[in-house]
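Values in this text are rule-based calculations from the coordinates and carry no lab data. These numbers were taken from a predicted model, which means no experiment stands behind them. Positions of Cβ are generated from backbone atoms using ideal geometry, with glycine treated the same way; all protein chains shown enter the neighbour counts.
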Amino acid sequence: MLARRLSLLTVVFCLLQACSNVPKISLSEATGIWAQYQLEAGRVNSWNLHGRAVIFVDDTIHNIGLRWRHNLNEFVIVLEAPFGQGVIRLESSRETSYPIKLSLSDGRVVYAEDAESALLDVVGFAIPVTGLVSWIRGLPQKSMSYRHDLDDDGRLKSLSQNNWHINYLDYFDRVDAAKGLPKRMYLKHDKLALKIVIEHWQKPLTNVTNNELFPSFN
């Protein structure tokens, strides 16, 4: 019996030693992979994203469904959330001099200079849509300073930019249709926090102005 226990302990010890000796990529290797990832993710300018999010504001929690179609500088974001206003549709607009249009299921429409201002006016807090255009792809915003840490796979582990801190909790496999893009992320700014879980990425089959997948409030 004692011999069997000693044998088992030896096997466990060897396994632990093997795990501890698994080589990690060097800093230079991680930096090179990160540079390549930025090139590849930077080419992703169109997407159809479905996911879920939890928004923490002070002592309140909001669970929302998230659908986001994006094509270059045009986008449609649908938030299915218990804000009291039902479904919220946020999109780029050419109808007026204001570039952003926010529509509510009760027929109310708000125009604004940016998505954050529209959301702040309607729900009282602002999801960082402008930053998320880059952050959702695991990239920093261009032409803005930032601090970051890389994971062992040469992708962002954390990012601090524009007074937001983002932790990347998980990525899709590089062989998936999502091509290694983020899967789960956590964003924090002052008393506002946002956890996003992306269920799938896919390239839109039609132009973003096609509204078939989204509710119309006209």
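Among the residues of the stretch 62-77, none qualifies, meaning not one is assigned to a helix (DSSP H, G or I) and either charged (D, E, K, R) or touching a Pro at 6+ places or on another chain (Cβ under 7 Å) (or both). Reported count of residues in the stretch 95-115, each being in contact with a strand residue (DSSP E or B) (Cβ under 9 Å, 6 or more places away or on another chain), more than 13 Å from V76 (Cα to Cα) and not small (G, A, S), is 10. All conditions but one from (1) surrounded by fewer than 18 Cβ atoms within 10 Å (Cβ to Cβ); (2) farther than 30 Å from G154 by Cβ; (3) free of Cβ contacts under 8 Å to residues at least 60 places away in the same chain apply to I64; the one that does not is (1).
The residue that is nearest to E80 (Cα to Cα), counting only those in the stretch 41-61 that are without any contact (Cβ under 8 Å) to a residue 60 or more places away in the chain and in a strand (DSSP E or B), is I61.
Answer yes if at least one residue in the stretch 93-102 is farther than 29 Å from K179 by Cβ, touching a residue at least 60 places away in the same chain (Cβ under 8 Å) and surrounded by fewer than 16 Cβ atoms within 10 Å (Cβ to Cβ), and no otherwise. No, the conditions are met nowhere in the stretch 93-102. Which one is farthest from D121 (Cα to Cα), of the residues in the stretch 67-92 that are of a type in the set (D, E, K, R) and without any contact (Cβ under 8 Å) to a residue 24 or more places away in the chain? The extreme case among them is E80.
Looking only at residues in the stretch 41-51 that are out of contact with any Leu (no Cβ under 6 Å at 6 or more places or on another chain) and not polar (S, T, N, Q), which one is surrounded by the fewest Cβ atoms within 10 Å (Cβ to Cβ)? This residue is R43. In this structure, does V110 turn out to be closer than 20 Å to H50 by Cα, β-branched (V, I, T) and not in a loop (DSSP other than H, G, I, E, B)? Judged against the criteria, V110 is not a match. Residues of the stretch 125-156 that are within 16 Å of L72 (Cβ to Cβ) and assigned to a helix (DSSP H, G or I): V129, T130, L132, V133, S134. Residue count for the stretch 171-181 under the criterion of being in contact with a Pro (Cβ under 8 Å, 6 or more places away or on another chain), under 12 Å from E199 (Cβ atoms) and either part of a strand (DSSP E or B) or small (G, A, S) (or both): the result is 0. If you go through the stretch 103-142 and pick out every residue that is on the phi > 0 side of the Ramachandran plot and surrounded by fewer than 16 Cβ atoms within 10 Å (Cβ to Cβ), you end up with 2. Of all positions in the stretch 86-99, none carries a residue that is assigned to a strand (DSSP E or B) and within 30 Å of E29 (Cβ to Cβ).
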